[in-house]
1. From Lys79, Lys90, grab the single residue that is out of contact with any strand residue (DSSP E or B) (no Cβ under 6 Å at 6 or more places or on another chain), within 20 Å of Asp175 (Cβ to Cβ) and modelled with pLDDT of 95 or more.
2. Any idea which of Lys453, Lys462, Lys470 is at pLDDT 90 or above, surrounded by fewer than 18 Cβ atoms within 10 Å (Cβ to Cβ), out of contact with any Asp or Glu (no Cβ under 8 Å at 6 or more places or on another chain) and closer than 22 Å to His397 by Cβ?
3. Starting from region 439-459, keep only residues that are under 17 Å from Ser390 (Cβ atoms), then list their pairs with residues that are part of a strand (DSSP E or B) and of a type in the set (A, V, I, L, M) whose Cβ atoms are within a distance under 6 Å, requiring at least 6 positions of separation or different chains.
4. Kindly check whether there is at least one residue in region 186-202 that is outside any helix (DSSP H, G or I), within 19 Å of Val96 (Cβ to Cβ) and aromatic (Phe, Trp, Tyr).
5. Would you call Asn365 among the polar types (S, T, N, Q) and in contact (Cβ under 8 Å) with a residue 40 or more places away in the chain?
6. On the given criteria, is Leu195 modelled with pLDDT of 95 or more, open to solvent by less than 10 Å² (accessible area, probe 1.4 Å), more than 27 Å from Ser451 (Cβ to Cβ) and touching a helix residue (DSSP H, G or I) at 6+ places or on another chain (Cβ under 6 Å)?
7. Among the listed residues Leu184, Leu209, identify the single one that is under 20 Å from the mean Cα position of the chain (by Cα) and either closer than 19 Å to Thr262 by Cα or among the basic types (Lys, Arg) (or both).
8. Restricting to region 313-338, give me the number of residues that are surrounded by fewer than 22 Cβ atoms within 10 Å (Cβ to Cβ) and over 19 Å from Phe130 (Cα atoms).
Amino acid sequence: MKVAERELAFLPQNGQGKRWRVHPLVPDSFVSSFPEYPRAVLQLLYNRGLVTQAQVDEFFNPDYGADVHDPYLFKDMEKAVTRIERAIEKGEKIIVYGDYDADGVCGSVVLWMAIGALGGKVEVYIPDRFHEGYGLNEKAISEIVRDKKVRVVITVDCGVTDVKEVATLNAHGVDVIIVDHHLLLPERPASYAMLNPKREGETYPFKYLCATGVAFKLASALLKIKKAKEKGISEGFEKWLLDVVAIGSVADMVPLLGENRTLVRYGLIVLKKTQREGLKELLRLQPERAYGNGMRMGNGDITSETIAFMIAPRINATSRMAHATASFDLLVTKDKEAALDLAQKVEDLNNERRRAVDRIMKEVNGMESDDPVLFVGKEEWPVGVVGLVSGRLTERHGKPSFVYGGVNGYVRGSCRGIGDFNVVEAMQSCQEMESGLLMEFGGHPMAGGFSVKPEKLPRFKKCLVAAGGKMLDEATLHPVLAVDAEVKADDVNWELFDWL
């Protein structure tokens, strides 16, 4: 039997069976092309689609000067920069409207700092997860249009599905620039400019930037305008933004390949010597988690794992339990005393978030079903943590999951998909079958969110389960352990360790 077809039984400690899915063996022709690398390393490279000399070199030795693309390769970049430049020159107020997760917050930090450095009148608006929800909303728009000085709104990590909201802002003379990376639905908002690598017809060569990455490209372009020289902004200013670019990229789980890998590699270098007082205090609060093995600050051992398991969850916790402005303030404050207070607040909210998830996971036991799609929730569950619960359920059962809580008289939830089940397409098909079934929805193929009226929950669940029955089969609905390679015991040595 070929390795690609082989599946081995596996029982982890919780007794939940998993199928081992082993990658196809690397071809001998590929191995012979790179005799300087161990076969196991070549297998890992091959699994990730890194098959040319240029790709391998970029992976092992990212070069900021060579591997970061020109921001003006974005189709609407010149249009966006020109409009923001005009707003700065005319003293028009600019609102950076960021999503409340780590990606949206970090992207907002990047643009707030860049536009502010250029002398722009810029403010940041981050919506309340519980009372406003995802994306542009009526409350926020009312505040924006009421301030007649606001002429430009830049959305970060949201906007591509906000057709009506963008139209309303347009009607009040506000130009909207969308900075996003989510999948676009058939109906597009009439924005002044849109920077989104997934946009149809987009000319930017790298498609997997997170929203913070896209915001960084806009900031990079802005920092090259005439005003930057007038303000005495050095060429290195943009690199000091890379610490939050790394946080946003790792937090949003974009693939650390290509340009993302370069941005994160250099972002980690900046993070080790970050000038952000809030990050310094956050790292000091949990040195063991930040550096592992009891190591303390100062040894510079900060990796992508530091972000993934220590920094990102805490940045995300504020919007899940309170409001994301605490995370934004943490990342921009220059006051050491305020930084300490904010870091402690973020830490406390993260601990509260952990307790909430643990409590819900206990309640979920017994609510799971044999349906191909898991659909669970209670209106008393806090909507800020249902996405984390959904992720755990999908990992545990190997099924798509939709988990909801209640807020303001309606239901809001999060979902996680698996390879053969695109959650956005599934929700779109349900909306097409029954117009108005969902109040709002969107996201990525593997993760999304939705809002629905309580009385429509049964019909939404029925539609999703039916979609799962068509798209998934019994062989698919099992947790899978992806196995990169089989190696011989003799191959496990210090040389392999160094390569890994």
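The values are calculated or read from the model by the stated rules, or taken from the named source; none is laboratory data. Since the structure is predicted, the reported quantities are computational estimates derived from the model, not experimental observations. Glycine gets a Cβ as well: all are built from the backbone with ideal geometry, and neighbour counts include every protein chain shown. Only protein heavy atoms, including side chains, enter the accessible area calculation; ligands, DNA and RNA are left aside. Shrake-Rupley method; radii C 1.70, N 1.55, O 1.52, S 1.80 Å.
1. Only one candidate qualifies: Lys90.
2. Result of the check over Lys453, Lys462, Lys470: Lys462.
3. Matching pairs, first to second residue: Val452/Val411.
4. yes
5. The answer is no for Asn365.
6. no
7. Leu209
8. Selection size over region 313-338: 8.
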